[in-house]
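The values are calculated or read from the model by the stated rules, or taken from the named source; none is laboratory data. Keep in mind that what you see is a predicted model, and the values were worked out from it rather than measured. Every residue, glycine as well, gets a Cβ built from its backbone with ideal geometry; the counts of neighbours run over all protein chains shown.
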């Protein structure tokens, strides 16, 4: 087989890039758009539900876990409390997940500083809606998740093909789009410029999505360390007499075991699970955990992010990197903006193709005298 010349290689990569952009543009745009908006899903819920808004504007150094537990128990005595959750954002109230007597999950919002109950909202919210749209397209998980995560492969292929098409692409990082020329030219310039500046993000999203695809096929990380077996003679419910004071004591013991733990979640049940942020980077709160017996408050297990196996660390890093919440509002804003740039690539790519088709169907006039002749990087292969 004769070796491909430069023009043939360019046509080959351009055909791949164009085919992916055209055939998958609608689905890709939808996934990228919903993912970008989902970055601020907590803030959207905060705007929609006044119950989520903490009235105390000062950062809460130590949450009143016990007072919050007692307040929920007093106001909703028949509700079964599942967990208490603290958002990294100080302006969002403490969230208590509970199950109603009629078996409905609800969110009870509590003032973190003193445990005052602010209100109740349903389990299904903007965050759940956007998650379902983006993660599995409102389909069953075993169907939707593989479809969405598989899109990472054409996304990465399109990125590689684009870099091959755009020769010496590094020279175009600061190249201004030529808006004074015809639509197809400046659209192409804008498409390439946006692609160059967001290429690192495209690679990151594609790689983390491929990791999710591998996990969906069974490549999950090993289970996190579990507590030693114990039994207090009860069920999954908390033992009789468990109160906010008991919970506060459990928090104190957990902080003694793991000094500096910034508690984000307390799971209630047969085992008390206290999770939070510590020193390990790019891990979820569950990577730093302390297990306690709710009856005796005996510590029956603990681990920190640095102690996890490599496979677990990679799995833990996928979510912070994919969703961009590791750096607070700053990183989330960056992820949102660059995510919208990714979304625009699907749109501008389709527009470029549409203008090319329009020119074939309705041939235009020749270049005017003030139009610059097309350069090599402007050539659009059929």
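General remarks:
- Residue in region 195-214 that is on the phi > 0 side of the Ramachandran plot and either assigned to a loop (DSSP other than H, G, I, E, B) or surrounded by fewer than 19 Cβ atoms within 10 Å (Cβ to Cβ) (or both) present: no
- From the options 24, 48, residue that is over 30 Å from residue 100 (Cβ atoms), surrounded by fewer than 18 Cβ atoms within 10 Å (Cβ to Cβ) and at pLDDT 85 or above: 24
- Residue count, region 215-230 (criterion: in a helix (DSSP H, G or I) and surrounded by fewer than 16 Cβ atoms within 10 Å (Cβ to Cβ)): 1
- Selection count, region 44-93, where residues are touching a helix residue (DSSP H, G or I) at 6+ places or on another chain (Cβ under 8 Å) and more than 18 Å from residue 243 (Cα to Cα): 12
- Per this entry, residue 118 is counted among residues that are in contact with a strand residue (DSSP E or B) (Cβ under 6 Å, 6 or more places away or on another chain), touching a residue at least 24 places away in the same chain (Cβ under 8 Å) and either exposed (fewer than 15 other Cβ atoms within 10 Å of the Cβ) or not assigned by TED's automatic domain parsing to the domain that holds residue 343 (or both).
- Criterion violated by residue 324 - all others in (1) touching a strand residue (DSSP E or B) at 6+ places or on another chain (Cβ under 7 Å); (2) crowded, with 19+ Cβ neighbours inside 10 Å; (3) at positive phi satisfied: (1)
- Test set (1) in a helix (DSSP H, G or I); (2) closer than 30 Å to residue 332 by Cβ; (3) at pLDDT 95 or above - residue 191 fails condition number: (3)
- Residues being surrounded by fewer than 19 Cβ atoms within 10 Å (Cβ to Cβ) and either in the same structural domain as residue 68 (by TED's automatic domain parsing) or closer than 19 Å to residue 245 by Cα (or both) - total across region 274-285: 0
- Residue 202 passes every criterion in (1) touching a residue at least 12 places away in the same chain (Cβ under 8 Å); (2) outside the structural domain of residue 155 (by TED's automatic domain parsing) apart from (2).
- Qualifying residue in region 30-40 (condition: under 23 Å from residue 325 (Cβ atoms) and in contact with a strand residue (DSSP E or B) (Cβ under 6 Å, 6 or more places away or on another chain)): no
- Within region 121-134, the set of residues being buried (at least 16 other Cβ atoms within 10 Å of the Cβ) and in a loop (DSSP other than H, G, I, E, B) comprises 125 only.
Conditions tested, residue by residue: (1) surrounded by fewer than 19 Cβ atoms within 10 Å (Cβ to Cβ); (2) modelled with pLDDT under 90.
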site	(1), (2)
287	no, no
294	no, no
333	yes, no
340	yes, no
362	yes, yes
367	yes, yes
